[in-house]
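Structure, as structure tokens:
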Amino acid sequence: MLQVAIPNKGALAEDAVQLLKEAGYKCSRYGRELVVTDAVNEIDFVFLRPRDIALYVGNGIIDIGITGRDLMVDSMADVVELLPLNFGHSKFRYAVPKDSNLTPDKFDGLRIATSYPNIVAKDIAKMGIKATLVKLDGAVEISIRLGVADAIADVVESGRTLVEAGLKTVGDILLESEAVLIARNKDVLNNHKIELMLARLRGILVAREYAMVEYDVPQNLLEAACAVTPGLESPTVSPLNKPGWVAVVAMIKRKEANQIMDQLYEIGARGIIVTDIRTCRL
């Protein structure tokens, strides 16, 4: 059995399970099971703490796993990214009180609270700064108010939590994070089950980004219409029973669907339909 680690809780857990389910894997829990077996695909899905997944994979105990890039980097585990999964996006930033003039170059001798000490230690060492790191497991943004730290380093999504805590971000982004599929090394790509999983996941990720547009257009307007919907390689064009008209099918960016429909209609296309793509292989 192939062993695949999934976060057992936290922001990444639900989205990771949903992605795998869409890719055709049975990995839903009905309680607090630690392992869910997908007999059809011959995979054991192991539910672990997100912070521990990179360590299990790096030590060869688990074949591959889904975790956050921030957690992977901070673990210092010997692993590689196989595929970014386009969810769980966040930025790792420094933050200080909103009325403070502190910037990262002035952190020397101060206390920095964080749940990611290895990322911060590497960054301040690169700047030549000596600061005391205060490791916390959560609620980092309250540490300054409680007198535990002078600055913090934490993951930022919308930034609302920082604002509510009276903080502001300073300095450059230390790390841009998202959910990633990781392995000990890329030799695992020789494993057919892992190769198949990567192909399925890529198909779902592309399908989430694109949609399919279908429309009818007069033959003499085909070139203008295809300029709006060139597809990934080329649109599919088929003759219609109506003389002088053709049917066109093409993939388009989902977020551009309404604008593309507007343009096609203005050109002269009719019967314009946009449909979701469940999955694909390119």
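Read-outs: derived from the displayed coordinates by stated rules, not from any lab. What you see is a predicted model; the values in this text were computed from it and never measured. Please note: Cβ atoms are built from the backbone with ideal geometry, for glycine as well, and neighbour counts cover all protein chains shown.
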In order through the range 33-43: 3J(HN,Hα) via Karplus (6.51 cos²θ - 1.76 cosθ + 1.60), integer Hz, x for Gly, Pro = 4, 8, 9, 10, 9, 9, 5, 5, 8, 6, 9
task = State whether the range 145-263 is rounded, prolate or oblate according to the following rule on the C-alpha gyration tensor (a ≥ b ≥ c being the square roots of its eigenvalues): a/c under 1.5 gives rounded; otherwise a/b larger than b/c gives prolate, and the remaining case gives oblate.
result = oblate
request  = Taking DSSP loops as anything outside H, G, I, E and B, show the longest stretch in the chain free of GluC sites (Glu not before Pro) there with at most 16 other beta carbons within 10 Å.
outcome  = 43-156
note = Computed, not fitted: 222 nm per-residue ellipticity of the chain from DSSP H runs ≥ 4 (each -39500 (n - 2.57)), nearest 500, equal to -8000 deg cm²/dmol
note = So GLU233 and GLU157, fully extended at 0.36 nm per residue minus their Cα-Cα distance, gain in nm 23.8 nm
request  = Over all directions, average the projected area of the Cα convex hull of the range 54-186 and note it in nm².
outcome  = 8.2
ask   = Suppose R0 equals 45 Å; then what is the FRET efficiency for ARG281 and ALA139 from their Cβ-Cβ distance, rounded to the nearest 0.05?
value = 0.55
request  = Using the Cα centre as the reference, give the magnitude of the dipole from point charges on the C-beta atoms of the chain (Lys, Arg: +1; Asp, Glu: -1; all else neutral), rounded to the nearest 20 debye.
outcome  = 360
key: Calculated Rg and Dmax of the chain using C-alpha coordinates, Å   = 24.3, 80
inquiry  = Per 0.36 nm of contour for each residue apart, how much would the distance between LEU189 and LEU221 grow if the chain were fully extended, relative to their Cα-Cα spacing?
reply    = 6.9 nm
inquiry  = Taking the Cα centroid of the range 133-155 and of the range 59-77, what is the distance between the two, rounded to the nearest whole Å?
reply    = 24
request  = Positive end of the charge dipole of the chain (Lys, Arg +1 and Asp, Glu -1 on Cβ, about the Cα centre): tell me which of GLY147, PRO239, LEU71 has its Cα farthest that way.
outcome  = GLY147
ask   = Any idea what angle helix 192-209 forms with the longest principal axis of the chain, computed on alpha-carbon atoms, 0 to 90 degrees, nearest 10?
value = 70
key: Estimated FRET transfer efficiency when R0 is 45 angstrom, pair ASN118-GLN259 (beta carbons, to 0.05)   = 0.55
request  = Work out the charge dipole of the range 90-176 with +1 on the Cβ of Lys and Arg and -1 on the Cβ of Asp and Glu about the Cα centre, then indicate which of THR169, LEU110, PHE92 is farthest towards its positive end.
outcome  = LEU110
task = For helix 257-267, report the angle its Cα long axis makes with the longest principal axis of the Cα atoms of the chain; keep it between 0 and 90° and round to the nearest 10°.
result = 30
query = Once a ≥ b ≥ c are taken as the square roots of the eigenvalues of the Cα gyration tensor of the range 225-282, is the result rounded (a/c under 1.5), prolate (a/b larger than b/c) or oblate (a/b not larger than b/c)?
reply = oblate
request  = Express in nm, to one decimal, how much length is gained between MET127 and ASN59 on full extension, taking 0.36 nm for each residue of separation and deducting their alpha carbon distance.
outcome  = 21.4 nm
message = I need the peptides 68-76, 94-102 ranked by packing, meaning the mean over residues of other C-beta atoms within 10 angstrom, with the highest value on top.
response = 68-76, 94-102
task = Give LYS26/LYS91; LYS106/LYS168; LYS91/LYS135; LYS91/LYS255; LYS21/LYS255; LYS9/LYS126 a once-over and call out the pairs whose C-alpha atoms are over 26 Å from each other.
result = LYS26/LYS91; LYS9/LYS126
Dipole of the range 172-240 [Lys/Arg +1, Asp/Glu -1 at C-beta], most positive-end residue of PRO230, GLY203, PRO218 = GLY203
inquiry  = If a paramagnetic tag sat 7 Å from the Cα of ARG32 along the Cα-Cβ line, which residues of the range 1-18 would have the backbone N under 14 Å from that point?
reply    = 8-9
message = Nearest 10 degrees is fine. How inclined is helix 117-127 to the longest principal axis of the chain, computing both from alpha carbons?
response = 80
